[in-house]
1. Can you report the number of residues in region 48-99 which are part of a loop (DSSP other than H, G, I, E, B), more than 21 Å from Asn126 (Cβ to Cβ) and open to solvent by less than 40 Å² (accessible area, probe 1.4 Å)?
2. How many residues, within region 100-139, are of a type outside the set (A, V, I, L, M) and open to solvent by 50 Å² or more (accessible area, probe 1.4 Å)?
3. Would you please list the contacts, defined by Cβ atoms under 6 Å and residues six or more apart or on different chains, that run from a residue in region 121-150 that is closer than 22 Å to Ala98 by Cα to a residue that is assigned to a helix (DSSP H, G or I)?
4. For region 55-86, which positions are within 13 Å of the chain's Cα centre (by Cα) and within 12 Å of the ligand (Cβ to nearest atom)?
5. Scan region 37-47 for residues that are closer than 17 Å to Ser100 by Cβ and open to solvent by 40 Å² or more (accessible area, probe 1.4 Å) and jot them down.
Amino acid sequence: MLAALKPKVTSILEDSEKSVENRLGDVCKLLRESVSYYDWVGFYFKNGEKEELKLGPYAGEPTDHTIIPFGKGICGQVAVSNENFVVPDVAAQDNYIACSINVKSEIVIPLFMNGENIGQIDIDSNTSDPFTADDERFLEFVNEKVAEIL
Ligand code: SME
């Protein structure tokens, strides 16, 4: 099922008629609409030279967390660990920033450009423990494709 989305992701990202911002937003929308347990899908990017993440394009409810310091929350931890972070139950996390009371689980996959961690894709789910290795591999693919157009 996730595999079937790959060509769609690729064709959205390759459409150079649109701004990068709009293409990333369209990818977020596609993912959110296509995967039942993806309830909020967004990109965060390193904010210039600052040790913080800034919210980029997203699909889902607006969030107050448009700036996240490195080390804070799941996103901030991935900014420094450079590793995928799969959270089956957000209530079990001490270092977690809640965006909505409905969120039960989260997955954050770092986005690398020339080997450097420059951002991430973040997905919140209202379902408990829905993410598998397939989600990790799929979202790594999405980030690799995004890196090609940045
Ligand atoms: N839950 C994230 C914050 C970002 S929102 O999910 C949109 C975290 O703990 O870093």
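1. The total comes to 1.
2. Residues of region 100-139 of a type outside the set (A, V, I, L, M): 100, 102, 104-106, 110, 112, 114-117, 119-120, 122, 124-132, 134-138.
From what's left, open to solvent by 50 Å² or more (accessible area, probe 1.4 Å): 102, 104, 112, 114-116, 126-129, 132, 134, 137.
Selection size over region 100-139: 13.
3. Within 6 Å, the pairs are Ile121/Leu139; Ile121/Asn143; Asp122/Cys75.
4. Selection gives Leu55, Gly56, Tyr58, Ala59, Gly60, Ile74, Cys75, Gly76, Val78, Ala79, Phe85.
5. Taking region 37-47 first, the residues closer than 17 Å to Ser100 by Cβ are 37-42, 44.
Scanning region 37-47 gives Tyr37, Asp39.
The values are calculated or read from the model by the stated rules, or taken from the named source; none is laboratory data. The model shown is predicted, which means the values in this text are computed figures rather than measured ones. We place every Cβ from the backbone using ideal geometry, glycine too, and count neighbours over all the protein chains shown. Ligands, DNA and RNA are excluded from the accessible area calculation, which covers all protein heavy atoms including side chains. Shrake-Rupley method; radii C 1.70, N 1.55, O 1.52, S 1.80 Å.
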